[in-house]
Every structure is written in C-alpha cells, then in structure tokens.
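Quick notes on the structure that follows.
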Amino acid sequence: MAESARIKGSFKSLNVSSPPQAQEIQAIFDRIAPQYDQLNNGLSLGLHWIWKQMAVKWSQARAGSICLDVCCGSGDVAQLLARQVGTTGKVYGVDFSSQQLAIAQARAPHLPITWIEGDALHLPFADQHFDAATMSYGLRNVVDISASLEEIHRVLKPGAKAAILDFNRPQSSQLRAFQQWYLDHFVVPTAQRLGLREEYAYISPSLDRFPTGSEQVDLALQVGFEKAVHYAIAGGMMGVLVAQT
C-alpha cells in the first residue's frame, strides 16, 4: 500500500483546475440515485464496501463519537459510522442531492443518523463540532477542493481525523491503462444499459483533473491540517486521504 505523507510546513503551492459547475454535478447525482447502489456494487464487484470500511477505520470514529459524513450519497459510509459509534454516538450525513438523501433515509431509519441537504463548501455546523469525518467519492466532484477541505477542517475538533476515499490514478503505467480500459469498456457500457451513459462517462475526465495523492496532502496542509497522509489502495486505483487537525 503506497502512501504520501507530510506534516504542516512542508508543502508547495498548487493550482487545481475546477471541475464542472455544482448544478451539473448535483443534477447527475439526482438522476443516478435510483440505480446508484446497484451500480456501485456491480462496478466495484462489491469491493467498495471494503474501501469504505477502511476509510471509517482511518477516521478513528469510536463508540460515543459525533461524526460527519460529507457527500454522504445514499448513506453507505454514514451507516458504517453509525454502527461504529453505537447508541451513545451520533452521525450527520450531508449531501446536496435530495434524491440521494431520500434513499439514505429510507435505508437506515433505525440508526442514529441525521440527514441534511447541504453544501460541502458551506457546512451547516459550528466550528470544532465533530470527533471524526469521512467523505466517499465526493472530493473529486466539488467545485473547490481546497474550500471543501477547509470546511472539514473547520468543523473538526482539535486532534480529530478526516478520512476521504476517492478514485486515484495508479503510478504504474500498466495499471493506469487497465483502469482506463475498465472505465471505458466496463463502467460506461454498464451504465449505458441503464440509460446513464453520460452520467458515468464524466468519471474519467474528473479523475484527470483530480489532484494526485501527494497534491491532496499538500492541499490538506495548506488549509490548516497538522498532518496528512494519502494511502493508495486497490493497486493504486483508489486512495484515502487521512488528515488530522
């Protein structure tokens, strides 16, 4: 498992190009909501559950913690967090897609989760409110990655950790070629059969714009995190940024 790590004070300045406008991304996630879970399971061969569990573990959420899941989607990671914090803890799931939140709420009515329709760039919480935070396949889609990381930093208590899971470009040229083949010849055609070709075709260009693991570490330090490390997992095709306040 490859990793990139640095401590505060040892970063370089970065200019990260912006992804499409927020309204476009919001519309995509509203449209794919009914098939989102089915596609995630099929396209990842069920492995997304393992990667999400890794993120929850790295967030260091524990019994009694107050946790935040940003860009919670249909609620997979929020549910994992809720089971981790138990009855004495609390989880808040935030997403800007009302359709995704409706599915999330229907899936987990018995768990201690509050679902909030909100903006990852303007989180509706006080400073230093949470013991841990997670984000799964959301950072790549926000219009301002630095602002999103800054908001997560703002709402975390001192010493708390955020674990952010997303796609990653492998360093190996062979694995990069395989990843691109998989996106072009499996992910997009599978989505096309469900009438969602355009909605999933955006993954590859969004990944091309996405900062590398090392760049994500630098961005986390720039916005105020004291420590940051990026773990490349799944052969480098996925990654988890772990940042501590």
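The values are calculated or read from the model by the stated rules, or taken from the named source; none is laboratory data. None of these values were measured; they are calculated from a predicted model. Please note: Cβ atoms are built from the backbone with ideal geometry, for glycine as well, and neighbour counts cover all protein chains shown.
Is there a residue in the stretch 106-115 that is assigned to a helix (DSSP H, G or I) and under 21 Å from Ala82 (Cα atoms)?
Yes, the stretch 106-115 contains a residue that is assigned to a helix (DSSP H, G or I) and under 21 Å from Ala82 (Cα atoms).
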Qualifying residue in the stretch 105-121 (condition: surrounded by fewer than 20 Cβ atoms within 10 Å (Cβ to Cβ), touching a strand residue (DSSP E or B) at 6+ places or on another chain (Cβ under 7 Å) and of a type in the set (A, V, I, L, M)): yes
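Please find, among Asp166, Asp184, Asp218, the residue that is surrounded by fewer than 17 Cβ atoms within 10 Å (Cβ to Cβ) and acidic (Asp, Glu). Give the steps one after another, and end with the answer.
Numbers: Asp166 fails: surrounded by fewer than 17 Cβ atoms within 10 Å (Cβ to Cβ); Asp218 fails: surrounded by fewer than 17 Cβ atoms within 10 Å (Cβ to Cβ).
Testing whether each residue is surrounded by fewer than 17 Cβ atoms within 10 Å (Cβ to Cβ) and acidic (Asp, Glu) leaves just Asp184.
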Condition met for Ile164 (part of a helix (DSSP H, G or I), under 16 Å from Gly93 (Cα atoms), modelled with pLDDT of 90 or more and within 14 Å of the chain's Cα centre (by Cα)): no
Long-range neighbours under 7 Å by Cβ, at least six apart or interchain, first residue over 14 Å from Gly239 (Cβ atoms) and without any contact (Cβ under 8 Å) to a residue 12 or more places away in the chain within the stretch 197-213, second crowded, with 16+ Cβ neighbours inside 10 Å and not hydroxyl-bearing (Ser, Thr, Tyr): Arg197/Val188; Arg197/Ala191
Number of the condition not met by Val94 [criteria: (1) surrounded by 20 or more Cβ atoms within 10 Å (Cβ to Cβ); (2) touching a helix residue (DSSP H, G or I) at 6+ places or on another chain (Cβ under 7 Å); (3) not in a helix (DSSP H, G or I)]: (2)
Search result, residues across the stretch 167-195 that are outside any helix (DSSP H, G or I) and touching a helix residue (DSSP H, G or I) at 6+ places or on another chain (Cβ under 8 Å): Phe167, Asn168, Arg169, Pro170, Gln171, Ser172, Leu194
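Mind telling me which of the residues Gly213, Gly224 ends up being of a type in the set (Gly, Ala, Ser), touching a strand residue (DSSP E or B) at 6+ places or on another chain (Cβ under 7 Å) and within 26 Å of Val56 (Cα to Cα)? First the steps, then the outcome.
Numbers: Gly224 fails: touching a strand residue (DSSP E or B) at 6+ places or on another chain (Cβ under 7 Å).
From the options Gly213, Gly224, the qualifying one is Gly213.
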